[in-house]
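These notes are about the structure you will find just below.
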Amino acid sequence: MATLELKNITVKFGGLVALSDLSFSINAGEILGLIGPNGAGKTTVFNVLTGVYQASAGDVRFEGTSILGKRPHQIVSFGVARTFQNIRLFSNMTAIENAMVARHCRSKKGVVGAIFRTRSQKHEEAQIQDKAREALAFMGVSDYADTVASNLPYGLQRRLEIARALASNPRVLLLDEPAAGMNPAESAALMRDISRISDLGIDVLLVEHDMKVVMGVCSRIVCVDHGEKIAEGGPEEIQNNPKVIEAYLGQPAKKPTK
Ligand SMILES: Nc1ncnc2c1ncn2[C@@H]1O[C@H](COP(=O)(O)OP(=O)(O)OP(=O)(O)O)[C@@H](O)[C@H]1O
Ligand SMILES: [Mg+2]
């Protein structure tokens, strides 16, 4: 069953067609890779799925229900969380505060409850803090709970971004180039983390340029180029697909010479 589904999505920016009649779904239990050259439309897919951009045609469904036109905070409350290609932490807030902000998005009490601190509101606040601590622990950043985000080294900021997304208790997690700027040891650790996240029952959509990471963790991969899907299949199939090779190299795949 599809958790998140893009159906015939087209996104235009003026005359530029960023996504063209694009359809694919993220199925329950899978780690789906989304690859493609620079400017192919991968981040635009994330922005459509999370309500940041509106599609000019097509539909987005979460567990069968259309979420087209919903605001980003409403989509978070459905259970769709994301990280950003360029880290977007609240740089002056501590790690735990960053994780708690994410959880507040799903708070039942909302802003009014936060102002008039009722007993149930205090109870919920404690629960939010517990969940945030759990997410930091899961991503191995508990020791930095009280460190201001901007003081964390880059690799830990990336981990904190994922922890913050997890703290919102998602059903699906969208990761936009989580390995960018990581050294090989950090990206190997990231691969293990993505598998652990999947083991929690969270479906993952992974956009990543590091093919070792993509091929190592994804069960299925969708490749886009110029906003169109050019291939879909298992890691082996994708690596050998001439259209994928051509999109990356900008020329037709040559037969190996021996
Ligand atoms: N807000 C916007 N306004 C105008 N054009 C945009 C906007 N967002 C994206 N685009 C354009 O849409 C196309 C797809 O961009 P997108 O960021 O989705 O690519 P990408 O696959 O994520 O690339 P990269 O691998 O470099 O991150 C590009 O041509 C980009 O310039
Ligand atoms: Mg991008």
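Here N98 meets the list (1) touching a Phe, Trp or Tyr at 6+ places or on another chain (Cβ under 9 Å); (2) within 16 Å of ligand 2 (Cβ to nearest atom) almost entirely, failing just condition (2). Taking the criterion of being of a type in the set (D, E) and in contact (Cβ under 8 Å) with a residue 40 or more places away in the chain, the residues of segment 205-234 that qualify are E208, D225, E228, E232. For C218, indicate whether it is within 16 Å of ligand 2 (Cβ to nearest atom), of a type outside the set (G, A, S) and surrounded by 19 or more Cβ atoms within 10 Å (Cβ to Cβ). No: the conditions fail for C218. The residues of segment 16-69 that are within 11 Å of ligand 1 (Cβ to nearest atom) and under 15 Å from V204 (Cβ atoms), listed by number, are L34, I35, K42, V45, F46. Listed by position, the helices (runs of 4 or more DSSP H) enclosed by segment 36-145 that each have at least 2 residues that are at pLDDT below 95 are 72-78, 95-104, 110-115, 119-138. In segment 172-192, the residue that is nearest to S77 (Cα to Cα) out of those that are among the charged types (D, E, K, R) and either surrounded by 17 or more Cβ atoms within 10 Å (Cβ to Cβ) or touching a helix residue (DSSP H, G or I) at 6+ places or on another chain (Cβ under 7 Å) (or both) is D176. Within segment 203-245, the set of residues being among the charged types (D, E, K, R), within 23 Å of L173 (Cβ to Cβ) and not in a helix (DSSP H, G or I) comprises D203, E208, D210, R220, K229, E232. Being over 21 Å from R220 (Cβ atoms) and more than 16 Å from ligand 2 (Cβ to nearest atom) is a condition met by at least one residue of segment 35-54. For segment 78-98, state whether one or more residues are surrounded by 14 or more Cβ atoms within 10 Å (Cβ to Cβ), among the aromatic types (F, W, Y) and over 19 Å from L160 (Cα atoms). Checked against the condition, which is being surrounded by 14 or more Cβ atoms within 10 Å (Cβ to Cβ), among the aromatic types (F, W, Y) and over 19 Å from L160 (Cα atoms), segment 78-98 yields at least one hit.
The values are calculated or read from the model by the stated rules, or taken from the named source; none is laboratory data. Everything quoted here is computed from the prediction, not taken from an experiment. Note that each Cβ is placed from the backbone with ideal geometry, even for glycine, and that neighbours are counted across all protein chains shown.
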